[in-house]
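Please read the structure below before turning to the comments.
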Amino acid sequence: MEAIAAAPAVFVDYFRVRIDPAKSGTTDKFIRFEFTDGTKAGLHVRRAVAEFVPDPGRYQRKADVTLRMSGEAWGKLYLSLATVEELIQKGEIEVGGDATEAARLVDLFDHYRPEKAVVIPPAFLDHAM
C-alpha cells in the first residue's frame, strides 16, 4: 500500500489492465484522478479498453467524473479494501460529477484478489530466456 500511496498516478496506469471487457462493453467515459500530492492521471474507458492518460489537463476530452483523493485512499481502492461509495461516505474521496456514475465506472475494473496475484521469481525469468 505504501508504494501505491507514494506513486498514485503510476498505479492508475497499472489499474487499466484490470478493465473487465464484458462489464465495460460500449462504455465511452473519461475518469480523471487528482491526488493530494499534486499528481493527476486519467483513464479513458472506451470499447472495452482503458487508455492511460498521463496528463488529463492536455487530453482532448473533458472528464466525465473526477475523483480527488490521497494516495492512501487510492491504495484502499486499488487493493479493493474499500469501495468508492465507502470512501466517499468517509470523506476520503471527493467526486466532481455524479458520484453514482463514478462508482459504476470504477466497478468496471476487476477487484484485486491476492490469491490471484502471481509473482514470477527473477531466477525463473533468467532460465526462460
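Coordinate-derived values only; no laboratory data. Source: prediction; values computed, not measured. Heads up, the Cβs are rebuilt from the backbone with ideal geometry, glycines too, and the neighbour counts pull from every protein chain shown.
Annotation: amide H of GLY96 within the under-5 Å range of THR66, LEU67, ARG68, sequence separation 5 or more or interchain, hydrogens built in the peptide plane.
Dipole magnitude for the range 1-45: about 180 debye, using +1 per Lys or Arg Cβ and -1 per Asp or Glu Cβ, origin at the Cα centre.
In the chain, helical runs assigned H by DSSP with n ≥ 4 each contribute -39500 (n - 2.57); averaged across all residues and rounded to the nearest 500, the mean residue ellipticity at 222 nm is -8500 deg cm²/dmol.
With the Cα gyration tensor of the chain giving a ≥ b ≥ c as the square roots of its eigenvalues, does the rule (a/c under 1.5 for rounded; else a/b larger than b/c for prolate; else oblate) give rounded, prolate or oblate? Cα axes put the chain in the prolate bin. Within a straight-line Cα-Cα reach of under 17 Å, LYS40 can be paired with the following aspartates and glutamates, leaving aside sequence neighbours fewer than 8 residues apart in one chain: ASP13, GLU51, ASP55, ASP64, GLU72, GLU92, GLU94.
Between TYR14, LEU43, MET1, the Cα set farthest toward the positive side of the dipole of the chain (charges on each charged residue's Cβ, about the Cα centre) is that of LEU43. When the square roots of the Cα gyration tensor eigenvalues are ordered a ≥ b ≥ c, the ratio a/c for the range 1-40 is 1.5 or more and a/b does not exceed b/c, which makes its shape oblate. The mean sequence distance of close C-alpha pairs (under 8 Å, at least 6 residues apart), as a share of the length of the chain, puts its relative contact order at 25 percent. Counted by Cβ distance under 11 Å from ALA48, the other residues give a net charge of +1, where Lys and Arg count +1 and Asp and Glu count -1.
Given +1 at the Cβ of Lys and Arg, -1 at the Cβ of Asp and Glu and no other charges, the dipole of the chain around its Cα centre is 400 debye to the nearest 20.
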